[in-house]
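Reviewing the structure listed below.
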Amino acid sequence: MKSSFRFLSKVVDASKIKRTVLISQSNDIYTNLALEDWIYRKYDFESHNILMLWCNDPCVVIGRYQNPWLEANVADLPYVTDAGVALARRNSGGGTVYHDRGNLNLTFFTSKKQYDRKVNLRLIKVAIYKEYGLMVDISPRDDLVVGDLKVSGTAAKLGRLSAYHHCTLLVDANKTNISRALQKESSEIKTTASRSIRSKVTNLCDQNSAITVDGLISAIGREFLLPADDDFQYVNPTNAAFPELDKIRANLGEWEWCFGRTPKFTVTKSFIIPSKFLVDGRDQKLGVVITVENGRISDVQLNDSTGLFSLEALMINRLRECKFTPETVDGLIQSLLEEKYKFVSDCVRQVMTSI
Amino acid sequence: MVIQRVIPRVALLINHSTTLNKAYNSRNVVLRLISTSQCNFAERYFTKKHEWVEVEGKIGIVGISDYAQSALGDVVYAQLPDVDSVLSQKDECGALESVKAASELYSPVSGRVVEKNESVEETPSLINTSCYDKGWLFKVELTNDKEITALMNESQYKEFLKSDEHH
């Protein structure tokens, strides 16, 4: 048995592995994630390793099993930049990152057997040091750091035969926008979704002003191809070149994927009841508890010790099966005249916008 | 743990096969009891991709091996196949997330999912702490017995782990 397995096993000589650097000409996050997925599914990496380099317009990218409402300021994203900040869910694990044109993304495609994040991170480290003389370190969590500031986040996807490790490199990203898109007060959420570990970040250009995205593409690409240096390819991710890419892109851009795939969660928030509704006028609170499954409201409960809102508690159940978005409630509020119900609906809306 | 799990099964075997036992002399019964651990090993089958299947009648219980959980590291999220989904052998049927990596989960056997381990969904670390017991992943109503016979038994799997090919 043992010898037959040995006989079957193919030993791949590392020096014979073909290497290619692909530079995506798209800056659309959904297109680039689709291209990444396409390459992962269609290629055999046993004797051909690929490094894909890509940059995106402003967007927040969450991990496969994360909760966008927990990780990003979902309600504010359209207003963070003039064109807004997109939200995308990727197929790999790990935490949430912010991308803009000042951020370089690198995807290392290998066979599952060859998958080794440390090797890839060391390659980046060496390339940066050779080109710019800046020393970055690899943290135990596979982040690249300068001192105690993070310049790169890592995530990976492992399949039966193929795998990829991708990471970000903050070169000259807009830090104000990073904070506006991601920084938030912790809400009271109960969930099994994986949570990001929040870290302080820095741009590589703040450490060495000579560092640019283009400079890094060239330096890291060359390091990856060593000893050869001739296989840089610019790719235009279109349906003609990559059959059915549009379909993958469409799925990745859908609400059902980005928000609908969120692991079940329950969010609780309490609100001060306006004195006009109270007989004795003392401070009293109304609790709102919303459970969300597949991005849709599966239950809304009111914690109401005053007993004032029992009718509203029943009516608010009309929100069941609706998407967990403020627009859902907006439709309701406009058609309402009754003040107490308007108050309750507004509380529910605030849970959605302030989560 | 192995011994605790084995004893009731041997008892079951003896109760259900009284006619068979009558044919054996007492020495044979003693021999059978001594070889109980092998009896248990024979019931759990492994794939080259480090999934295991334990067969109870028509039901196959699926999990990942100790080698696999240790290679993954701390599992923080488990996405398991929904009950009633129909799987073919080697179908992608879920994923496990550990240290920033989402590892696709493949079904080692064909059949209809009859149960998933909700405790694992709630507490994914059970896969690390108890991969052969509390950390099972899902149960399948088997449709192809031949798939099981093509898998490795525990001793074959141990040999396989010693070989170069398993990475």
Kirkwood estimate for segment A:265-353, i.e. one over the average of 1/r between Cα atoms, Å: 13.2 Å
In order through segment B:127-143: 3J(HN,Hα) via Karplus (6.51 cos²θ - 1.76 cosθ + 1.60), integer Hz, x for Gly, Pro: 5, 6, 7, 8, 5, 9, 10, 6, x, 4, 9, 7, 10, 10, 7, 5, 10
Value at 222 nm in deg cm²/dmol, rounded to 500, when DSSP H runs of n ≥ 4 in chain A each add -39,500 (n - 2.57): -9000 deg cm²/dmol
Exposure proxy ranking, count of Cβ atoms within 10 Å, fewest first, for A:352, B:152, A:135: A:135, B:152, A:352
Three-way shape label, segment B:110-167, alpha-carbon gyration tensor, a/c 1.5: oblate
Residue pairs, from the table A:112/B:48; A:184/A:269; A:264/B:49; A:18/A:150; B:90/B:139; B:90/B:162, whose Cα atoms sit over 20 Å apart: A:264/B:49; A:18/A:150; B:90/B:162
At most 15 other Cβ within 10 Å, DSSP loop - GluC sites (Glu not before Pro), segment A:284-355: A:321, A:338
Interchain or long-range residues, amide H under 5 Å from residue A:285's placed H: A:273
Average silhouette area of the protein assembly as shown, convex hull of alpha-carbon atoms, in square nanometres: 32.0 nm²
Taking segment A:175-331 and dividing mean pair separation by its residue count, relative contact order in percent (alpha carbons under 8 Å, at least six apart): 17 percent
Max mean-square fluctuation residue, GNM over chain A, Cα-Cα springs under 10 Å, options A:278, A:123, A:77: A:278
Vicinal HN-Hα couplings computed from phi for segment B:107-114 (Karplus, 6.51 cos²θ - 1.76 cosθ + 1.60; Hz; Gly/Pro x): 7, x, 9, 8, x, 9, 6, 9
Bins of 5 Å, starting at 0 and running to the largest distance - Cα pair percent for segment A:89-136: 4, 15, 19, 24, 23, 12, 4
Cut-off 14 Å between beta-carbons: net charge of the residues surrounding residue A:314, Lys and Arg +1, Asp and Glu -1: -1
Under 5 Å, built H, 5+ apart or other chain: amide partners of residue A:322: A:297
FRET efficiency for residue A:19 and residue A:212, using Cβ-Cβ distance with R0 set to 25 Å, rounded to 0.05: 0.60
For segment A:247-261, Karplus couplings with θ = phi - 60° (6.51, -1.76, 1.60), whole Hz, Gly/Pro x: 5, 5, 4, 4, 5, 5, x, 6, 4, 4, 8, 5, 9, x, 8
Sequence-distant residues sharing a close amide H with residue B:93 (under 5 Å, placed H): B:105, B:106, B:107
Filtered trypsin sites (Lys or Arg not before Pro), segment A:247-355: DSSP coil and at most 10 other beta carbons within 10 Å: A:282
Quotient of C-alpha Rg and 2.2 N^0.38 Å, computed over segment A:18-259: 0.97
Anisotropy class of segment A:130-214 from Cα gyration tensor, a/c 1.5 cut: oblate
Segment B:47-165: projected area of the alpha-carbon convex hull, averaged over directions, in nm²: 6.8 nm²
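Each reported figure results from applying straightforward, stated rules to the coordinates on display, with no laboratory input. These numbers were taken from a predicted model, which means no experiment stands behind them. Please note: Cβ atoms are built from the backbone with ideal geometry, for glycine as well, and neighbour counts cover all protein chains shown.
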